[in-house]
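> Okay, handing you the structure first.
Taken together, the values in this text are just the output of simple stated rules run on the coordinates, not laboratory data. Just so you know, these numbers come straight off a predicted model, no measurement behind them. Cβ: placed from backbone, ideal geometry, glycine included. Neighbour counts: every protein chain shown.
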Amino acid sequence: MKKKWLVILLVLSMVTFLWGCGKSSSSGGKSSVLEGGASESATQLEYWTFVELHGQHFQKMLEKWNAAHPDKQIKLKVTVMPYDDMHNKLSIALQTGQGAPDIADIEVGKFPDFLKGTPQLEPLNDVIEPYKDTIVQSRLNMYSKDGNYYGAPTHVGAALAFYNTEILEQAGVDYTKIDTWDDYKKAGQQVYEKTGKYMGTADTSALWQASMMLAEQGKDFTDDAGNPVVNSPELIKGLTILQDLQKSNVLATIAGGQPDTEEAYGEFNKGNYASMMMPFWIMSRFVNYMPDLKGKIAIAPIPVIEKGQPRSYGGGGTGTVVTKTAKNVQLAKEFVAYAKLSLDANIEIWNTLGFDPVNMEVWSMKDVTHNPDNKFIQYFKNNPFDVLNEIKDGIQQIKSTPASPTINNVLGTTALNEIFEDGKDVTEALNEAQKQIEQQLQ
Amino acid sequence: MVKRFLYSQKVAPYVFVLPFILVFLLFWVYPLGSSVGMSFQKITLGQSASWVGFANYAKLMGDGIFLKAVMNSVVYMVLTIVILVPFPMLFAVLINSKWMWAREFFKSAFFLPALTSVVVAGTIFRLMFGEMDTSLINSFLGLFGIEPIKFLKGQTTGFIALLALATWRWTGVNMLYFLSGLKNIPEDYYEAASIDGASSFQKFTRITVPMLKPTTIYVITISIYAGLAMFIESMMLWNGNNSPKNIGLTIVGYLYRQGIEKSDMGYAASVGIVLLVVAMAINLAQLAFTGMFKKED
C-alpha cells in the first residue's frame, strides 16, 4: 500500500519538475541591425539600450559616420531591453566577462554600481578630449572615477516647471507670477478650490522633487567626501514644504508614484494634475504619451524657497559606455564620441530625442532651437530654450557617488512613501532612512 | 568483456541512475558548494574576490530590510498553506463526488490559471488592483460605495493582492494532486462506513482526510518551499523588485536585489544560504512531525 503511494508521489514530483523546466521565460529584447549605408566589409558592433528612441538617434549618427569615415564603416546591432533587465544583464555579462555588447547605455542611477572595483569599461578620455571644452563638465564627471571618464553623457536634464494652462486659466491663475513655493501654494489652493484638481504631485518613488529642493539650497544627498547625509536640515526643510503643500491640497500622490510612469502619464493626460517640475527630457514623454495636452503646456522656471536661489538642477542622465570586451575598442570609442558629443550629435539629440544637449552652444542656435517643424516646439506653448537660457547659469548638479544607488533605493521605496502616503514626520522618516542607508553601505 | 559489462546486473542500475547523479552534481552540488564559498567572500565587479569570514552573515543579522524580507516570505508561506491546502482538498472532494455535473469542465477551469505565465498574470493583477478608481477591483468596490483603495501601497492590501494571485493560480494544481489521491481510496471503505451509518461529514473526516495524508504532506512540502522561494509574483505585481516600503520584498527578491541589481554576489550568496537553511529546517521539521521518516511497516 505505502509503496504504491511512493510511486505516485515520485511520478507527481517528476511531473512538477519537468513542467517547471518547460516554463522558462524568454526575455531576449528586441534586436535589429542598422546598416546606415555601410558596405559589406563594415565592422558590426553591438549596442544595448533601454530606450528605444536612443536607437533612432544612433541610426541618424551612424549614417553620418559611415559617410564621413568610408575606411571605418560600422553596422550597429541595436538591442532594446526593459530598464531593469538591461542593466542586470549587462552587469552579469561584465562580471563573467562574457556576452557583453560593445557599446551600452547605463542610466546614471545605476552607473556607480558599474564603477565598483575595477570598472569593466573602457576609459573614454582620449576620444572625449577634442569635445571636452564644448560640453558641460559636470555631466562628464557623473560618469567618471579616478580621473577616467567612462560614459558619454546624453543631456543636461535641466529641471523646469510644466504648467497645464487650461486648468490654470479655469482657476484664474497666472503661472508667470509663480516665483516661490509660497506663490505656488496660493495658486495651488486657488486651483483646488475652483476646479477640484491638484496643482501637482507628491512623489513617492523617485527623487526628482527631493533633488530639486536640495539643489535650490545648494545642497546634496552626500557631503563633500561622498558620505550620505539624507537627514540634513536642508532636505528636512524641502520635504516639509512639500508635505505642507500636500496637506493644503496643493499636491497629491499619483498612481505610479511620480510623473515619469505610465500610470502618471494617463493621469496628467486626463488633466487631473496641473503641473510638474521635471528635468527637460520629460518633454519627450509629453509629446509621446500625453497627446491630449498638446498646445496647453507652458514651460517656466521652477519655484524656489527664497528669491535668488538657483532655479534648476540637472536630473537623470544616461552614459554611453564601451565595454572592455568590445571587439574593436578604439573604433567603438571613436564612434560613441562622434555619436554623442560632436556638434552634429548634440543638434540631433535635440531634434530626435527632445533633450537639452550637453553642448550649450546648441542652446543659442536659433535655427535649431526655434525650428517651427520640430515636434517638440509645436507641442508646447512657449519655447523651452527661452526658459532654459534664462536659468542657464543656475543649473545645480546632484553628485553621483557610490552611495547614490542605495540612497535612491531607501528614499524611493521607504522614506518618501512614509512621508507622503502615511503622513509620517519628515525628520523622523529621514533619520531612519539615514540609519538604514549607513547600515546598507557597511 | 564489454558485453559482460553491459549485461551485468550489478552495473545496470548505476548506469541508469548516472544521468541523474551527473545532473545533480553539476547543477546542484557544485553551485551549492560555490555559493557557500561565495557567502564568505566579498566579490566586486572585475572578478576580484577576497575572503571576509562571517562578515556577510554578521551584516545580514543587523539588516532590517533582510528581516523584513524574511518576515514577508514566511507570512506568505504560512498564508498560502492555510488557503491552498484545505480549499483545493474541498474542491477535489466536491468534483469527485457522484452528484457532480460537468466534472471535466470544472477540472480544466480550475487548472487553466496554472497554464498562464506568471508574468502575464502578475501584470493583469497589477492592473486589476491599481489604485485608480477606474481599476477593476476599485470600480467593483465603488458599487458598494467604498472609496478607492491603494492596494499595492499598503502591507495588508498588498498581501491581499499577492494571495489572490497565488490562490487563483495554484488552487487547480493542488486540487489535481488531491484528486489523484482520492482515486486511490478504495470505494469499500465508504460502503462499509455507509452500512455502519456514517454521515457524509464523518466519512470525510474519518476516511478521506486520513487517507489523503501522503498527498497532503506532499502538497505542504512543496508549498513551504514555493512560498519561501516566491519572487516573480511579487516582482510582476509591483512592476519591479522595489515595492513601496518593501511590502512585497521576499527573500529571493532581496537576493536578487543584492546580487544582480547591486552586484554584491558575496552578500547575495549568504542570503541564499540562509534561505536554504530556513527552508530545509522547516521542511524537515514538518516531515518529522508528520512521521515521514518512520520505517515503513
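> May I ask you to derive the FRET efficiency for A:TYR83 and A:LYS194 from their Cβ-Cβ distance with R0 = 30 Å, giving the value to the nearest 0.05?
0.20
> At what distance in angstrom do the alpha carbon centres of the range B:182-247 and the range B:56-98 lie from each other?
Taking the Cα centre of each part, the range B:182-247 and the range B:56-98 sit 13 Å apart.
> For the range A:232-243, just list the computed ³J(HN,Hα) in residue order, Karplus coefficients 6.51, -1.76 and 1.60, θ = phi - 60°, integers in Hz, with x standing in for Gly and Pro.
5, x, 5, 5, 4, 4, x, 6, 5, 4, 5, 5
> Now, a different point. What is the order of B:VAL278, B:VAL252, fewest Cβ neighbours within 10 Å to most?
In order of increasing Cβ crowding within 10 Å: B:VAL278, B:VAL252.
> A further question on this structure: So what are the ³J(HN,Hα) numbers for the range B:156-172, from phi and the Karplus equation (6.51, -1.76, 1.60; θ = phi - 60°), rounded to whole Hz, Gly and Pro as x?
After applying 6.51 cos²θ - 1.76 cosθ + 1.60, I find 5, 5, x, 5, 4, 4, 4, 6, 4, 4, 5, 5, 4, 7, 9, 3, x Hz.
> A follow-up question, please. Whole Å is fine, so just give me how far the alpha carbon centre of the range A:411-442 lies from that of the range A:279-333.
Distance between centres, Cα-based: 26 Å.
> Tell me, what HN-Hα J-couplings in whole Hz come from the Karplus equation 6.51 cos²θ - 1.76 cosθ + 1.60 at θ = phi - 60° for each residue of the range A:120-132, using x for Gly and Pro?
Working through the residues one at a time gives 8, 10, 8, x, 9, 3, 5, 7, 7, 2, x, 9, 3 Hz.
> Could you quote the convex hull projected area for the range A:141-191, Cα atoms only and averaged over all directions, in nm²?
5.6 nm²
> What value does the protein assembly as shown have for Rg/Rh, both radii from Cα atoms and Rh as Kirkwood defines it?
Radius of gyration over Kirkwood radius for the protein assembly as shown works out to 1.03.
> List the residues whose amide H sits under 5 Å from the amide H of A:ILE398, counting only those 5 or more places along or on another chain, with H placed 1.01 Å from N in the peptide plane.
A:GLY314
> Treat every Asp and Glu Cβ in the range B:56-289 as -1 and every Lys and Arg Cβ as +1, leave all other atoms uncharged, and give the resulting dipole magnitude about the Cα centre to the nearest 20 debye.
180 debye
> Then there is this: Using DSSP loop states and a limit of at most 13 other Cβ atoms within 10 Å to flag GluC sites (Glu not before Pro), what is the longest stretch of chain A containing no flagged site?
A:41-305
> Moving on. How large is the helix-only mean residue ellipticity at 222 nm for chain A, computed as the sum of -39500 (n - 2.57) over DSSP H runs with n ≥ 4, divided by its residue count, in deg cm²/dmol to the nearest 500?
-12500 deg cm²/dmol
> By DSSP, what percent of the beta bridges with both residues in the protein assembly as shown are antiparallel, rounded to the nearest 5?
65 percent
> Another question about this same structure. If amide H atoms are built 1.01 Å from N in the plane of the peptide, which residues on other chains or at least 5 residues away come under 5 Å of the amide H of A:LEU121?
Those lying under 5 Å, H to H, from A:LEU121 are A:LYS324.
> Under 8 Å for C-alpha pairs, at least 6 residues apart: give me the relative contact order for chain A, rounded to a whole percent.
22 percent
> Can you count the Lys pairs in the range B:56-289 whose Cα atoms are under 20 Å apart, with each pair 8 or more apart or on different chains?
15
> Starting from the amide H of A:GLN44, placed 1.01 Å from N in the peptide plane, find each other amide H under 5 Å away whose residue is 5 or more places distant or on another chain.
Answer set, sorted by chain and number: A:LYS75.
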